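S.K.: First, the structure itself, so that you have it in front of you.
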Amino acid sequence: MVSIWLDCDPGHDDAMAIVLAAHTPGVKLLGVSTTCGNQTLEKTTDNALRILHLIGRDDVEVYMGADKPLMRPRRNCPEIHGASGLDGPDIPTAPQGARAEKAVTAMAAAIRSHAPGPHATATAPTDKVVVVATGAFTNIALLLSLYPELIPCVEVVVMGGAMGQGNTNPVAEFNVQCDPEAAHVVFESGVTLTMVPLEVTHTALVTPEVRARLLGGGSRFRLLVDELMQFFAQSYSDVFAFPYPPLHDPCAVAYVLRPDVFTVKDLRVDIETGSVLSAGQTVCDVWGQSGKKPNVRVCVAMRVGEFWTLMCDAVDRADAACPVSATTGVV
C-alpha cells in the first residue's frame, strides 16, 4: 500500500492525475491540496472538488494552499486551460467545499499519521508516503521548511522542469517558473526527490487512438473526459502547434505506481532564480561537471504503452464509480 498526497492546480492534466491517484488499487489518497498556477487558487480548488465528486470520491478532502508564489507575482495559464482552468465540458458542481484547515498543516498531519519513521505517529504505517506535486511547488516548500523533521518520512515526486527546452520560456517549464524560489527550497532540502520533466511528459500524447480508448463505450463520464481532452488538444494546437496534447501530470503519479516503467538518472539539479532570461530553469548536471552530489532522481524515459494502460484502467474504474447519469447527466 502506498499513501499519496496530491498537490495540484487543476488544470486538465491535473484532473487526470486525480483520476489516476483516486482509482488505482493499492493507493490510499490521503488528501488533495491546491495552489494557484493553471488558474487562481479559488478556481483550482473548485476544479479539484468537481473532479473528485465526478469520480465518486467525495471522501477525499481538499485543502486550499498558497494563493501566490513565495516572492513573485502570481501567474496563470488561461491560454492552455481556459478561464475556469478546466474549460470544455460542464462538470457538475461539488456539494462540499474545501476544508478550513490550511493545506500545509493538513499535509504534515497526514504524513505523521501514515509514514514510518521516528517523527511519525502511525500505528500501522503504510510502506511509504509520497507527496506528488503537479503544480507550482510553493506548498511543498512551505511544508519542508516548516516541518523539516518530516523530511526523512516522505518522498516527493514532482511533475516539472526540463533537461533542455522549456515551455514557458526557452529553458523553463511552467510549474518551476511559477515559483523558482519554492523549487529551489525543495531541491535543496535533502528530501528524497524525483523529477518527471517535459522530456518524459511530452511522450504521453493523447493521440486519436488514446482518445478512442478513453472514450470507450461513450458513457456520460467518458464523454466529459473526451470533451476535456478536446479542449486541451485545441489549446496545444493553437499555442504550441502540437498535433496532440501531452498529458503531463499523470506521469508523476504513474511513477509512484510503477517506477519500473521509467528510466531514471541520479543527477545534480539546480534552480535558476537570479536571471530574468532563464528564471525557473532546472539546470541538470548530466556530466557531473559541478562536482556536486546528485540531489534528484530524474526520469529520462517512460514506456508509454504501459503508462496508458495505467491511465485507461483508472478511467474504467472511475467510470464505474461516477454518479453522473448516463442519460441525463444529473448528479
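S.K.: If a residue has to be in contact (Cβ under 8 Å) with a residue 60 or more places away in the chain and in a helix (DSSP H, G or I) to count, how many in the range 1-35 make the cut?
M.R.: Qualifying residue count, the range 1-35: 10.
S.K.: Another question about this same structure. Can you work out which of the residues in the range 1-18 that are buried (at least 24 other Cβ atoms within 10 Å of the Cβ) and of a type in the set (A, V, I, L, M, F, W, C) is nearest to Met107 (Cα to Cα)?
M.R.: Trp5
S.K.: Quick check on this structure: which one of Pro259, Pro250 is surrounded by fewer than 14 Cβ atoms within 10 Å (Cβ to Cβ), within 21 Å of Val131 (Cβ to Cβ) and not acidic (Asp, Glu)?
M.R.: Pro259
S.K.: Please work out which one of (1) of a type outside the set (A, V, I, L, M); (2) more than 30 Å from Pro323 (Cβ to Cβ); (3) surrounded by fewer than 18 Cβ atoms within 10 Å (Cβ to Cβ); (4) at pLDDT below 95 is the condition Cys153 fails and give its number.
M.R.: The single condition Cys153 does not satisfy is (3).
S.K.: Being in contact with a strand residue (DSSP E or B) (Cβ under 9 Å, 6 or more places away or on another chain), modelled with pLDDT of 95 or more and surrounded by fewer than 18 Cβ atoms within 10 Å (Cβ to Cβ) is true for just one of Gly31, Gly26, Gly65, Gly37. Which residue is that?
M.R.: Of Gly31, Gly26, Gly65, Gly37, the one residue that is in contact with a strand residue (DSSP E or B) (Cβ under 9 Å, 6 or more places away or on another chain), modelled with pLDDT of 95 or more and surrounded by fewer than 18 Cβ atoms within 10 Å (Cβ to Cβ) is Gly26.
S.K.: Which of the residues that make up the range 228-278 are more than 19 Å from Arg303 (Cα to Cα), assigned to a helix (DSSP H, G or I) and over 17 Å from the mean Cα position of the chain (by Cα)?
M.R.: Hits for the range 228-278 are Gln230, Phe231, Ala233, Gln234, Ser235, Tyr236, Ser237, Asp238, Val239, Phe240.
S.K.: If I go through the range 265-274 residue by residue, how many of them are closer than 25 Å to Thr138 by Cβ and either surrounded by fewer than 18 Cβ atoms within 10 Å (Cβ to Cβ) or in contact with a helix residue (DSSP H, G or I) (Cβ under 8 Å, 6 or more places away or on another chain) (or both)?
M.R.: Of the residues in that region, 6 qualify.
S.K.: Further question: Mind checking whether some residue in the range 211-218 is surrounded by 17 or more Cβ atoms within 10 Å (Cβ to Cβ) and in a loop (DSSP other than H, G, I, E, B)?
M.R.: Within the range 211-218, none of the residues are surrounded by 17 or more Cβ atoms within 10 Å (Cβ to Cβ) and in a loop (DSSP other than H, G, I, E, B).
S.K.: Could you tell me whether Ala48 is closer than 16 Å to Cys153 by Cβ, within 20 Å of the chain's Cα centre (by Cα) and without any contact (Cβ under 8 Å) to a residue 60 or more places away in the chain? Give the steps one after another, and end with the answer.
M.R.: On the way: closer than 16 Å to Cys153 by Cβ: no; within 20 Å of the chain's Cα centre (by Cα): yes; without any contact (Cβ under 8 Å) to a residue 60 or more places away in the chain: yes.
Answer is no for this residue.
S.K.: Can you find a residue in the range 44-57 that is surrounded by fewer than 20 Cβ atoms within 10 Å (Cβ to Cβ) and of a type in the set (A, V, I, L, M)?
M.R.: No, there is no match, as no residue in the range 44-57 is surrounded by fewer than 20 Cβ atoms within 10 Å (Cβ to Cβ) and of a type in the set (A, V, I, L, M).
S.K.: Also: Here is a list: Ala109, Ala172, Ala183. Which entry is buried (at least 19 other Cβ atoms within 10 Å of the Cβ), in contact with an Asp or Glu (Cβ under 9 Å, 6 or more places away or on another chain) and either within 18 Å of Pro246 (Cβ to Cβ) or at pLDDT 95 or above (or both)? So that I can check it myself, show each step before the final result.
M.R.: Numbers: Ala109 fails: buried (at least 19 other Cβ atoms within 10 Å of the Cβ); Ala183 fails: in contact with an Asp or Glu (Cβ under 9 Å, 6 or more places away or on another chain).
Exactly one residue qualifies, and that residue is Ala172.
The values are calculated or read from the model by the stated rules, or taken from the named source; none is laboratory data. Just so it is clear, the structure is predicted and the values come from calculations on it, not from any experiment. Neighbour counts are summed over all protein chains in view; Cβ atoms, including those assigned to glycine, are modelled from backbone coordinates with ideal geometry.
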